[in-house]
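**Student:** Submitted below is the structure of interest, expressed as structure tokens.
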Amino acid sequence: MVYSDLREKILSLTLKPGTPLSFTNLKPTYNVSISPIRDALKRLETEGLIEIKPQSGTSVALIDFAKVSDERFRRLYLELGAIEKAFDTGIKQSMLDEWEEILEKQQQAFDCRDTISFINLDDDMHRLLFQACNHESVFDSMKANSGNYHRIRMVSYLFDDILQSALSQHREILNALKENSMEKVVELERKHISKIETETSGYHKSYPQYFK
């Protein structure tokens with residue numbers, strides 16, 4: 001429970017990069033002994049989401065651009081593989097209908113500037129590609145090991161133009177799926193997942209305190 005709650009707060013930026021974490025503050029929050037808190041922090045450290053320094057204490061890890069690049073690379077090529085296999089299996093109408101439904105909810109999240117719902121719906125949409133080729137567990141594993149990539153996406157969604165761009169790209173991908181054009185879907189996915197690398201200088205300029 002401690003691990004899951006802390007992880008969710010870190011990924012959602014409720015606990016921002018650099019935020020100090022101490023046993024003194026965490027113990028009354030969760031009403032548990034030191035042991036489960038220590039275990040949760042060690043697990044989060046292994047995932048690169050917190051830093052434990054004996055002399056200076058424990059804090060939420062700053063976003064590491066090198067880890068973002070690795071996690072984005074893994075996501076890109078796993079997703080391209082899922083697309084290829086999904087087309088081999090055959091794109092079903094039920095998947096297209098679900099994509100459309102999620103996209104409508106994402107538009108509503110954008111209208112409310114609910115970035116947490118927006119990114120969760122984003123993941124639900126991309127998960128459909130892995131469900132289509134019967135490899136949903138691969139998506140879950142990938143997501144569980146993409147904390148830095150997830151957080152930089154959350155930072156990106158603080159910018160309205162990035163949110164609008166993501167919506168537009170999701171619509172384009174849906175249209176390409178409806179056209180049954182694997183080549184077009186692959187092209188759009190490459191652009192969609194890779195765009196974060198060209199946008200990072202803007203994030204760093206606006207929120208330098210979040211990054212290594």
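The values are calculated or read from the model by the stated rules, or taken from the named source; none is laboratory data. Everything numeric here is computed off the predicted structure, so don't read it as measured data. Glycine gets a Cβ as well: all are built from the backbone with ideal geometry, and neighbour counts include every protein chain shown. Side chains are part of the model used for accessible areas, which takes the heavy atoms of the whole protein and leaves out ligands, DNA and RNA. Shrake-Rupley method; radii C 1.70, N 1.55, O 1.52, S 1.80 Å.
**Student:** Measuring from centroid to centroid over Cα atoms, what is the spacing of the stretch 4-53 and the stretch 136-193 in Å?
**Tutor:** 28
**Student:** Something else: Quick one: which of 58-64, 155-161 comes out on top by average Cβ neighbours within 10 Å, and what's the full order, highest first?
**Tutor:** Per-residue Cβ counts within 10 Å, averaged per peptide and sorted highest first, yield 58-64, 155-161.
**Student:** Let me ask you something else. Which value at 222 nm does the chain reach when only helices count, each DSSP H run of 4 or more adding -39,500 (n - 2.57), with the total divided by all residues and rounded to the nearest 500 deg cm²/dmol?
**Tutor:** So the calculated ellipticity at 222 nm is -24500 deg cm²/dmol.
**Student:** Pulled fully out, how much extra length does the chain show between residue 194 and residue 107, if you take 0.36 nm times their separation in residues and subtract their Cα-Cα distance?
**Tutor:** 29.1 nm
**Student:** Then there is this: Tell me the carbon and sulfur percent of the accessible area for the chain, rounded to whole percent, probe radius 1.4 Å.
**Tutor:** Carbon plus sulfur share of accessible area: 50 percent.
**Student:** Oh, and also: Restricting things to alpha carbons, find the Rg to Rh ratio for the stretch 136-212 using the Kirkwood radius for Rh.
**Tutor:** Radius of gyration relative to Kirkwood radius: 1.02.
**Student:** With 10 Å bins from zero, work out the P(r) of the chain over every alpha carbon pair and list the percent per bin.
**Tutor:** The percentages, shortest bin first, are 8, 32, 33, 19, 7, 1.
**Student:** If you roll a 1.4 Å probe over the heavy atoms of the protein chains, what accessible area per residue do you get for the stretch 1-126, in Å²?
**Tutor:** Per residue, the stretch 1-126 has an accessible area of 53 Å².
**Student:** Between residue 172 and residue 159, 0.36 nm times their residue separation minus their Cα-Cα distance comes to what?
**Tutor:** Value of the extension gain: 2.6 nm.
**Student:** Also, quick follow-up: Do me a favour and compute the ellipsoid semi-axes for the stretch 1-127 from its Cα gyration tensor, root of five times each eigenvalue, largest one first, whole Å.
**Tutor:** Taking √(5λ) for each Cα gyration eigenvalue gives 35, 18, 14 Å.
**Student:** Taking the Cα atoms of the stretch 58-137, what is the range of coordinates along each of the three principal axes, in descending order and whole Å?
**Tutor:** Principal extents (Cα only, largest first): 47, 31, 17 Å.
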